[in-house]
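Each value in this text was obtained by applying a stated rule to the coordinates, not by laboratory testing. All of these numbers come straight from a predicted model, not from anything done at the bench.
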Amino acid sequence: MKKTVLKVNIHCQKCKKEVLKAVTKLTGINQVTIDGEKETLTVVGDVDPVLITEAVRKIGKVAEIVSVGPPKPPEPKSPVKNPPPPLCYDYCQLVPVSHAPYGGAPCSIL
């Protein structure tokens, strides 16, 4: 699988639609993205960059191959670590608690 970036003259929504329609007919494509501001077409998949260029040129657009290489691997998701609860040595106080059940000896907890 490889990532192919092409420079294509894309000026309007109709141009984007035509380019997408021409490129998606090719087999072996996993992902297609078009950046209208940068006028780039990015194709990820097992497809020959020359075939992509030819498909774009058949619809009357000028296409130049900018780069061909492996796609970026997905970023590993780091587990979210919850911070430990704050230590309360300076803030906590010991409070005595006592309980006297009916008819029994009192119980105290410190």
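With a threshold of 29 Å on the Cα-Cα distance, the over-threshold entries among 21/77; 16/77; 25/77; 2/61 are 21/77; 16/77; 25/77.
Here is the size of the stretch 13-67 from its Cα atoms: Rg then Dmax, 10.2, 27 Å.
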